[in-house]
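As structure tokens, the structure follows; a few thoughts come after it.
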Amino acid sequence: MSAIASLDALFELDAFAAGAEADRRFLAAVREVCAHHIAHCPTYRRLCEQEGFTPERLARIDDLVELPWIMVNVFKRHRLLSVPERELVATFTSSGTSGQQSQIAWDQGSMARQDAMRAAIVRGLGLESSEPANYLVFAYAPEVAGGKGAAHAHSRYTAFAPAAERFFAIHADAEGAAVFRVEECLEQLARFAASGLALRVIGFPAFAWRMLREMAARELRIAFPPGSLMILAGGWKAAQDEAVPRARFAAVAAEHLGIPPEAQHDVYGFVEHGVPYMTCEAGRFHVPVYARALTRRPGGLEPLGRGEPGLLQVISPYNLAQPALSVLATDYAIVDQGCPCGRGGHTLDIIGRAGVAKHQGCAITAAELLKS
């Protein structure tokens, strides 16, 4: 079976499918995509040769611990490709204040698969709707987004209910510079409330929290109708000193927007990997069928068991353009299974960043606007 055929078979499954058949299709896709990267990316081929690894070693799902991984920071220093440049249709970056950049490059098929898995995950969580909604997007508007990966992802989350209107909180001023003004958000919120339509809040949590904090200070409460929800992604980054526990954020959003905690969803992910991990109504991040996750002990990097905190390693075969098949992240996490929501597969608990320096990303760039 070719890499494309094995990926097609994997993507036929529901987003949260679990069990022997899901494992079989995932392994088949990883084997074929691994062979593709070995054949077409010299750096990845040398990595596998150095580790004495061949795709045939992946006979069982537990064998994924043997799959060579690439440290996430490698993508800040090297442009690794497994397809010719002419086949790339998109390259997105995560650019921070330090000038470091990571890139994710997609050919047409890989970009389509990335969109397909996001749509399937949203559908699997019951977040699609045929009813029109207004979108308050705490992210970069298209005119200032450039090639930022988070901007691309945030914009995609405005496609799962018909958009009556979209307002991007980070937009261009008269001189073309990116600005964020909480007063404009409040004015837009009042207009949306008058429409009677559901509200969908998308984007960086730090910006949403700035607006919620202002609403609390003014004792401003709006009860948006059922079907309203929040999908927040990108973390707090440089606004970490403003970060609040999820339970407090959820309570304030419920009080001032009428959006209950079970309709507030977080997304974990990073540009080098490209798979979105979303929380369900019980507040747990779920690993979709298109990925697998494990943890490794800092220092020796030996694999850990379920429920043991360590450095997060994530595996997904969706991208044929880059050898980001298995990536070791800079986050501490716990991989577990079983969730009150009843969905299959594993769950993630993201504990925090490893190391002294914060991981640089476009959320840091965005968060600089909060200081103005």
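Taking the criterion of being open to solvent by less than 80 Å² (accessible area, probe 1.4 Å) and more than 25 Å from the chain's Cα centre (by Cα), the residues of region 46-84 that qualify are LEU47, CYS48, GLY52, PHE53, THR54, PRO55, LEU58, ALA59, ASP63, PRO84.
Being of a type in the set (Gly, Ala, Ser) and modelled with pLDDT under 90 narrows it down to one of ALA153, ALA163, ALA194, ALA169, so name that one. Only one candidate passes the filter, namely ALA153. Taking the numbered list (1) open to solvent by less than 30 Å² (accessible area, probe 1.4 Å); (2) part of a strand (DSSP E or B); (3) over 19 Å from LEU125 (Cβ atoms) in turn, LEU232 passes all entries but (3).
Restricting the first member to region 313-327 and to residues that are farther than 21 Å from ASP23 by Cβ, and the second to residues that are in a loop (DSSP other than H, G, I, E, B) and of a type in the set (Phe, Trp, Tyr), no beta-carbon pair is closer than 8 Å while six or more apart or on different chains. Scanning region 260-283 for residues that are of a type in the set (Gly, Ala, Ser) and either modelled with pLDDT under 95 or assigned to a loop (DSSP other than H, G, I, E, B) (or both) returns GLY269, GLY274, ALA282, GLY283. Consider region 85-114 and keep the residues that are open to solvent by 50 Å² or more (accessible area, probe 1.4 Å) and at pLDDT 90 or above. The one that is farthest from HIS346 (Cα to Cα) is ARG86. Among the residues of region 198-218, those identified as closer than 12 Å to ILE259 by Cβ and in contact with a helix residue (DSSP H, G or I) (Cβ under 7 Å, 6 or more places away or on another chain) are LEU199, VAL201, LEU212. A single entry from ARG297, ARG306 fulfils the requirement of being over 17 Å from GLY352 (Cα atoms), among the basic types (Lys, Arg) and over 15 Å from the mean Cα position of the chain (by Cα): ARG306. Considering the conditions (1) at pLDDT 95 or above; (2) among the basic types (Lys, Arg); (3) under 21 Å from LEU312 (Cβ atoms), ARG77 is excluded by exactly one of them, (1). For region 156-172, what are the residues that are open to solvent by less than 40 Å² (accessible area, probe 1.4 Å) and outside any strand (DSSP E or B)? Matches in region 156-172: TYR157, THR158, PHE160, ALA161. Kindly indicate whether any position in region 352-363 is more than 22 Å from PHE138 (Cα to Cα) and either modelled with pLDDT of 95 or more or in contact with a Leu (Cβ under 9 Å, 6 or more places away or on another chain) (or both). So far as region 352-363 goes, yes, one or more of its residues are more than 22 Å from PHE138 (Cα to Cα) and either modelled with pLDDT of 95 or more or in contact with a Leu (Cβ under 9 Å, 6 or more places away or on another chain) (or both).
The values are calculated or read from the model by the stated rules, or taken from the named source; none is laboratory data. Computed from a prediction, not measured in an experiment: that's the story for all the values here. Positions of Cβ are backbone-derived with ideal geometry, glycine not excepted, and every protein chain shown enters the neighbour counts. Just so you know, the surface numbers come from the protein's heavy atoms only, side chains and all, with ligands and any DNA or RNA stripped out. Shrake-Rupley method; radii C 1.70, N 1.55, O 1.52, S 1.80 Å.
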